[in-house]
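All remarks here apply to the structure that follows.
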Amino acid sequence: MTISIITATYNAGKTLESAILSVINQTYPHIEFIVVDGKSSDETVDIINQYRPFIHQFVSEPDKGIYDALNKGIQMSTGDIVGFLHADDLFDDDTTIETMVGALKNNNADVIYGDLEYVQVNDPTKVIRYWQSKSFKPSLLKMGWMPPHPTLFIKRQIYNEIGSFNLNYKIAADYDFILRLFSNSKYRTTYTPMVITRMRVGGTSNKNIKNILLKTKEDIRALRKNKAGNIFSVIWKNISKLPQFIYNNRSPK
């Protein structure tokens, strides 16, 4: 079973090398590593070229943002399973992918996901927020539930069946995709209770008030389009994040 890992990057030279190392140090041997760069003007391309022997596919060209870059990566991928590791992120452990593949096989699943840690930009061992997910059931969607998108591993054929990221959403295309995915009862999902990804804080959706308002508006539009909920779902979605800031102090990596 080959896993395609897609890294989208744009002027992320400060963190990209650690993301690349996080992929190439994985113990699982069957990884197709794809890097999609948005024509960076910093040292990004130099770093990619340094590790080019470990990168199976690479493109550097202007794009329409991260969702466009991820769509390109999905189209380029040839693996059985597709997962993402953004340029600011790290897999929690060198055995992460191996463990996820084993859980995917053992549960005969089409989709697998786990937990996510938000970490400090300059010190990814220091956790700011811990997103502990849970096993899926359809009623959760109306409560605004979603799994941590960076932890999702999905069979590539699913993208052919339900489509990839809708570029009409500037910030919430991942939520729209998750609603399409988890609203479809034909796909077998499984949750593995372990941290998959460590994400550096500073994401686009929470950068400022303007983006927060846009995210809320797009969340509501995605819920209505997918007939999965309403404005109250978004309210519960935001309330449910509060416990994530009460960290359980897992031993640092």
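Read-outs throughout are calculated quantities, based only on the coordinates presented, and are distinct from any laboratory measurement. Keep in mind it's a predicted model, so treat the numbers as computed, not measured. Here the Cβ is made from the backbone with ideal geometry for all residues, glycine too, and neighbour counts use every protein chain on show.
What to note about this one:
- The angle between the Cα long axis of helix 173-182 and the longest principal axis of the Cα atoms of the chain comes to about 70 degrees, rounded to the nearest 10.
- Between residue 221 and residue 194, the FRET efficiency from the beta-carbon distance, with R0 = 25 Å, is close to 0.15.
- Cα-projected label distance for residue 57 with residue 210, points at 7 Å along beta-carbon direction, nm: 3.4
- When each of 165, 153 is scored by the number of other beta-carbon atoms lying within 10 Å, the sequence from fewest to most is 165, 153.
- Taking amide hydrogens as placed 1.01 Å from N in the peptide plane, the amide H of residue 42 sits under 5 Å from those of 11, each at least 5 positions away in sequence or on another chain.
- Lysine pairs within the stretch 20-152, Cα separation less than 17 Å, 8 or more sequence positions apart or different chains: 4
- Degrees, to the nearest 10: 209-225 long Cα axis against longest axis of the chain: 70
- Average Cα contact separation per residue, the chain, under 8 Å, 6 or more apart, as relative contact order %: 22
- Mean residue ellipticity (222 nm) of the chain, computed from DSSP H runs ≥ 4 via -39,500 (n - 2.57), nearest 500: -10000 deg cm²/dmol
- By definition, a body whose alpha carbon gyration tensor gives a ≥ b ≥ c is oblate when a/c is 1.5 or more and a/b is not larger than b/c, and the stretch 79-144 fits this oblate description.
- Taking 13 Å as the cut-off, the amide N atoms of the stretch 127-165 that come nearer than this to a point 7 Å along the Cα-to-beta-carbon line of residue 80 belong to 154-157.
- Total charge dipole magnitude, the chain, about the Cα centre, Cβ charges on Lys, Arg, Asp, Glu only, Debye to nearest 20: 1340
- Cβ-based charge dipole, the stretch 3-245, positive-most Cα from 62, 100, 154: 154
- Added length on full extension, which subtracts the Cα-Cα distance from 0.36 nm per residue, residue 18 to residue 129: 37.9 nm
- Cα gyration tensor category, rounded, prolate or oblate, for the stretch 12-56 with a/c compared to 1.5: prolate
- Computed lengthening from residue 107 to residue 166, 0.36 nm per intervening residue step minus Cα-Cα distance: 18.3 nm
- Taking a ≥ b ≥ c as the square roots of the eigenvalues of the Cα gyration tensor, the chain is rounded, since a/c falls below 1.5.
- Under-5 Å amide H pairs with residue 190, H placed in peptide plane, nonlocal only: 111, 112, 113
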